[in-house]
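**Q** Quick one: the structure is below, questions incoming.
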Amino acid sequence: LRSTHLERLFAKGHQVKHPGKDLESTLFNLFGISADEKSNLPTAAYRRIGDGGSVDERYWLQLSPVYLRPDQDRLLVFDVEDLCFTEAEASALAELFNAHFTEEGWCIVPLHLHRWYLPLESKPDLKTYELTDVFGRNMDLFLPEGEEGIKWHGVLNEIQMLFYTAEINDRRESEGKGAISGLWISGGGQLAARCATSITALYGRDPLLLGLARATNLSISDSPEEAATLYDLEGEVLVHVDRLQRSVLCADPDRWRNEMVALDDWLAPL
């Protein structure tokens with residue numbers, strides 16, 4: 001595989017370093033938001049806005065439906081994007097969750113098929129990991145941390161037991177589909193007091209980027225079909241290309257190669 005246009009872009013382009021170790025921390029730093037090692041970046045609060053939620057100052061957690069696969073003495077975590085999960089099933093499981101946790105006063109909001117949101121009345125001492133960090137890996141290495149981490153370990157186990165006995169999963173397994181094993185907790189936080197960026201044009205459909213754009217009243221568009229459109233834009237332009245992420249998470253080299261070829265072709269006009 002030779003990515004001629006991408007190589008040329010890297011060789012000839014003016015490189016500027018931005019703080020951040022992954023997509024989430026890089027995007028937040030571009031908007032003036034950071035977190036220390038013991039805290040979360042508030043991805044849930046901003047993704048929720050990106051998924052159509054209104055601006056809300058409460059503390060939000062993201063809960064993502066997951067499939068847990070036993071592997072010897074550990075459980076591997078996967079999302080359910082490839083498991084034919086339906087809106088009706090999501091609504092039914094969300095209702096099951098809300099009914100079970102009535103005493104806690106929890107009411108989950110499934111704004112997106114794969115991204116549900118839970119508001120909390122107070123801010124817990126809790127650090128969590130993104131689902132992309134744990135995807136395909138041992139769940140025990142990425143469980144919630146902090147003074148309230150143990151409490152949320154119990155919540156995760158309780159949700160697993162709740163879903164295990166759900167009629168929906170009995171039906172899914174009888175149809176040869178994977179079970180919806182539980183929910184992954186991540187991204188706890190509130191909207192930042194200040195969110196600003198020097199970027200003047202945004203392209204992409206990632207929900208976190210959408211949320212940051214809406215929080216700063218910046219317009220955002222899908223990545224242009226023709227990269228040459230970007231050439232005449234003035235100011236600082238951010239284009240988020242996510243076409244490679246899925247193949248990396250799924251360890252699919254053939255799909256990754258095809259996406260790299262497509263990306264290189266897209267860059268050709270630049």
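**Q** Please give the peptides 211-221, 98-108, 80-90 ranked by average Cβ packing (other Cβ atoms within 10 Å per residue), highest first, as a rough proxy for protection.
**A** On the way: 211-221: 17.4, 98-108: 12.5, 80-90: 15.2.
Sorting 211-221, 98-108, 80-90 by mean packing, highest first, produces 211-221, 80-90, 98-108.
**Q** Further question: Helix-only mean residue ellipticity at 222 nm, the chain, DSSP H runs n ≥ 4 weighted -39,500 (n - 2.57), per residue, nearest 500. What is it? It would help to have the intermediate numbers written out before the result.
**A** Working: 10 runs with 96 residues, N = 270.
Using -39500 (n - 2.57) per qualifying helix, the result is -10500 deg cm²/dmol.
**Q** Follow-up question, since we're still on this one. If a/c stays under 1.5 just call it rounded; otherwise compare a/b with b/c (prolate if a/b is bigger, oblate if not). Do that for region 113-270, with a ≥ b ≥ c from the square roots of the Cα gyration tensor eigenvalues.
**A** Details: a/c = 2.55, a/b = 1.46, b/c = 1.74.
Cα axes put region 113-270 in the oblate bin.
**Q** Sticking with this structure for a sec: Please list the radius of gyration and Dmax for the chain, considering alpha-carbon atoms only, with Å as the unit.
**A** 20.0, 60
**Q** Could I ask something else about it? Could you give the size of the charge dipole of the chain about its Cα centre, using +1 on the Cβ of each K and R and -1 on the Cβ of each D and E, expressed in debye and rounded to the nearest 20?
**A** Numbers: 26 positive and 44 negative charges, 122 e Å.
Computed charge dipole of the chain: roughly 580 debye.
**Q** Continuing with the same structure: For region 108-132 and region 224-270, compute the distance between their C-alpha centroids and round to whole Å.
**A** Result: 29 Å between the Cα centres.
**Q** Compare the Cα positions of LEU61, LEU41, VAL77 along the charge dipole of region 1-121 (+1 at Cβ of Lys, Arg; -1 at Cβ of Asp, Glu; about the Cα centre) and return the one farthest towards the positive end.
**A** LEU41
**Q** Select from region 131-186 those GluC sites (Glu not before Pro) which occupy a DSSP coil region and have at most 12 other Cβ atoms within 10 Å, ordered by residue number.
**A** Working: sites: GLU145, GLU147, GLU148, GLU158, GLU167, GLU173, GLU175; in loops: GLU147, GLU148, GLU175.
The qualifying sites are GLU147, GLU175.
**Q** Most mobile of LEU249, LEU183, LEU156 per a Gaussian network model of the chain (Cα springs, under 10 Å)?
**A** Of LEU249, LEU183, LEU156, the most mobile in the Gaussian network model is LEU249.
**Q** Counting other C-beta atoms within 10 Å, and keeping those with at most 11, which DSSP coil trypsin sites (Lys or Arg not before Pro) do you find in region 151-207? Before the final figure, lay out each step's value.
**A** Numbers: sites: LYS151, ARG171, ARG172, LYS177, ARG194, ARG205; in loops: LYS177, ARG194, ARG205.
Counting only loop positions with at most 11 other Cβ atoms within 10 Å, the trypsin sites (Lys or Arg not before Pro) in region 151-207 are ARG194.
**Q** Can you pull the semi-axes for region 121-214, root of five times each eigenvalue of the Cα gyration tensor, sorted largest first, whole Å?
**A** Details: eigenvalues 196, 84, 30 Å².
The three semi-axes for region 121-214 are 31, 21, 12 Å.
**Q** Past the 29 Å Cα-Cα mark, which pairs from LYS17/LYS127; LYS21/LYS123; LYS123/LYS177; LYS38/LYS151?
**A** Numbers: LYS17/LYS127 27 Å; LYS21/LYS123 25 Å; LYS123/LYS177 37 Å; LYS38/LYS151 17 Å.
Violating the 29 Å Cα-Cα cut-off are LYS123/LYS177.
Read-outs: derived from the displayed coordinates by stated rules, not from any lab. Computed from a predicted structure; not experimentally measured. Don't worry about glycine lacking a Cβ; one is built from the backbone with ideal geometry, like all the others, and counts go over all protein chains shown.
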